[in-house]
Amino acid sequence: MMAEDLRTISILDWLENDLLLTVTHCEPASSDASFRRYFRVTTPGGQFIVMDAPPSKENTEPFIRIAKLLTQSQVNVPTIFHQNLTDGFLLLEDFGSQCFLDRLNANTATDLYQTAFDSLFKLQTQTPVQNSGLPSYDEPLLHRELAIFDEWFLGRLLDIQIPATVWETVRSILTASALEQPRTCVHRDYHSRNLMVLDSDSPGVIDFQDAVIGPITYDLVSLLRDCYIAWPEHQVEQWRLNYFERLQQAALINCSPIQFKRWFDLMGLQRHLKAIGIFSRLHLRDGKSSYLDDIPRTLNYVTTVCAVYPELAEFNDFLHSHVLPARNSISSTA
């Protein structure tokens with residue numbers, strides 16, 4: 001059984017006394033980059049996942065509402081069997097413990113990613129943009145996300161300051177590119193740790209509670225330039241082109257492959273800057289220092305894209321002259 005704290009005692013009380021389940025085993029299943037925790041419970045009737053989302057820190061309402069929305073889009077998300085909104089507990093379908101990241105290699109990537117593309121296509125084509133109840137991925141949100149990189153990575157982790165004119169140029173370019181794209185449902189964390197390998201109707205899609213209506217390339221670049229695993233660029237280009245053609249045939253986009261690549265690259269840059277800031281915040285604020293290991297891979301995506309676009313030359317120079325040396329200095333002393 002799991003080590004007990006006040007909330008885990010409350011979980012067991014809810015399961016056994018309110019839901020009348022016989023819990024024979026309960027153990028931590030996973031945690032994520034938020035204050036949520038997940039537990040796997042075993043009963044005579046099977047295994048379930050309990051989400052523990054403290055109401056003072058997490059709101060379960062978006063998870064419940066978006067789960068229903070994505071189920072209607074035929075995206076395979078966990079069934080919610082019971083909910084306790086007062087205490088912040090949900091009893092969920094158990095998708096098992098094998099995520100894409102655990103199974104991905106050169107031999108499995110083609111088949112696994114094909115299922116991910118199929119699921120993403122359902123999400124983008126079958127989730128209504130109008131009247132979905134999802135918030136808009138608008139300019140203020142884009143700017144708030146980029147500010148995480150400036151505050152937590154540059155300012156707090158590296159203790160360096162970016163010239164205001166350079167940073168404003170980056171913000172303007174990335175925001176304009178994001179806002180000019182066709183809009184669709186965006187999962188917002190569609191990557192190898194949030195796609196579960198299932199025996200049927202794979203993948204199981206989790207961690208979707210932050211979904212928005214926003215740029216059509218966002219989830220694709222999250223998947224293909226994953227912060228947790230990298231693929232050769234020629235392979236990424238082939239996957240991107242194949243998906244571009246699929247979107248084109250579905251009349252979701254009307255642009256050239258070159259334009260789509262620019263959207264893809266700059267959307268990835270925005271996401272990766274945000275992710276680097278979040279990884280830094282998880283280390284500094286939350287004591288989750290393992291995320292520091294994902295910064296070099298993510299920062300490499302950033303410098304690679306910046307080298308391609310002349311309008312990002314000043315930012316690229318700043319990265320090479322200030323950021324990379326400071327980052328390497330921290331690594332060498334860690």
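Could you point to the residue in L70, A29, T43 farthest towards the positive end of the stretch 6-93's charge dipole, with +1 and -1 charges on the Cβ of Lys/Arg and Asp/Glu respectively? Going by the charge dipole, the pick is L70.
Taking the Cα centre of the chain as the origin and placing charges on Cβ (Lys, Arg +1; Asp, Glu -1), which of S202, F315, F117 is farthest toward the positive end of the dipole? So the residue furthest toward the plus end is F315. Per-residue extension of 0.36 nm, minus the Cα-Cα distance of D118 and Q72, leaves a gain of 15.0 nm for this segment.
The stretch 310-327 and the stretch 166-212 have Cα centres spaced 25 Å apart.
The label-point distance for N254 and D201, in a model that sets each label 7 Å from Cα toward Cβ, rounds to 3.6 nm.
Let me make sure I get this right: for the stretch 6-93, a, b and c are the square roots of the gyration tensor eigenvalues over alpha carbons, sorted descending. Under 1.5 in a/c it's rounded, otherwise prolate if a/b > b/c, else oblate. Which is it? Before the final figure, lay out each step's value.
On the way: a/c = 1.70, a/b = 1.26, b/c = 1.35.
It comes out oblate by the Cα gyration axes.
Restricting attention to the stretch 231-327, which trypsin sites (Lys or Arg not before Pro) occupy a DSSP loop and are surrounded by at most 12 other Cβ atoms within 10 Å? Filter output for the stretch 231-327: R285. Note on the chain: helix-only mean residue ellipticity at 222 nm, from DSSP H runs of 4+ residues weighted -39500 (n - 2.57) and normalised by residue number, equals -14000 deg cm²/dmol. All other residues whose Cβ lies under 14 angstrom from that of P257 are scored, Lys and Arg at +1 and Asp and Glu at -1, for a net of +1.
Note on the chain: with a GNM built from Cα contacts shorter than 10 Å, the maximum mean-square fluctuation among L220, L266, L20 falls on L20.
Calculate the FRET efficiency for T43 and Q126 from the Cβ-Cβ distance with a Förster distance of 41 Å, rounded to the nearest 0.05. Show your work: numbers first, answer last.
Numbers: r = 33 Å, r/R0 = 0.82.
Step by step, r from the Cβ atoms, then E = 0.75.
Exposure proxy shown here: for S56, S256, S73, the number of other Cβ atoms within 10 Å sets the order, fewest to most, as S56, S256, S73.
Is the stretch 44-95 best put as rounded, prolate or oblate by its Cα gyration tensor, with a ≥ b ≥ c the root eigenvalues, rounded for a/c under 1.5, and otherwise prolate when a/b is larger than b/c, oblate when not? Here the stretch 44-95 falls in the oblate category. Cross-link partners for K288 among the lysines, with Cα-Cα distance under 28 Å and sequence neighbours closer than 8 places in the same chain left out: K57, K274. Considering amide H positions built from the backbone, and no H for Pro or chain starts, which residues 5 or more places from S136, or on another chain, come under 5 Å of its amide H? Those qualifying (amide H under 5 Å, at least 5 residues apart or on another chain) are I213.
Could you work out the mean projected area of the convex hull around the alpha carbons of the chain, in square nanometres to one decimal?
Numbers: hull surface 71.9 nm².
So the Cα hull casts an average projection of 18.0 nm².
Can you tally the net charge around L19? Count Lys and Arg as +1, Asp and Glu as -1, for every other residue whose Cβ sits under 14 Å from the Cβ of L19. Result for the neighbourhood of L19: -4.
Counting other C-beta atoms within 10 Å, which of D159, D286, D199 has the fewest, and how do the rest follow?
Numbers: D159 9, D286 12, D199 6.
In increasing order of surrounding Cβ atoms, one gets D199, D159, D286.
Shown is the FRET efficiency for S136 and T24, computed with R0 = 51 Å from the Cβ-Cβ distance and rounded to the nearest 0.05: 0.65.
Excluding E168 itself, what net charge comes from residues whose Cβ is under 15 Å from its Cβ, given Lys and Arg +1 and Asp and Glu -1?
On the way: positive: R171; negative: E139, D150, E311, E314.
Summing Lys and Arg as +1 and Asp and Glu as -1 gives -3.
Computed extension gain for H322 through N59, at 0.36 nm per residue and net of the alpha carbon distance, reaches 90.8 nm. Here is what passes the span test in the chain: the DSSP H helices with alpha carbon length of 27 Å or more along the helix axis and a Kyte-Doolittle mean of -0.5 or above are 257-284.
None of the figures in this text is laboratory data; all of them are computed from the coordinates on show. Please read all numbers here as calculations on a predicted model, not as lab measurements. Methodologically, a virtual Cβ is constructed for each residue, glycine included, from the backbone with ideal geometry; neighbour enumeration extends over all protein chains shown.
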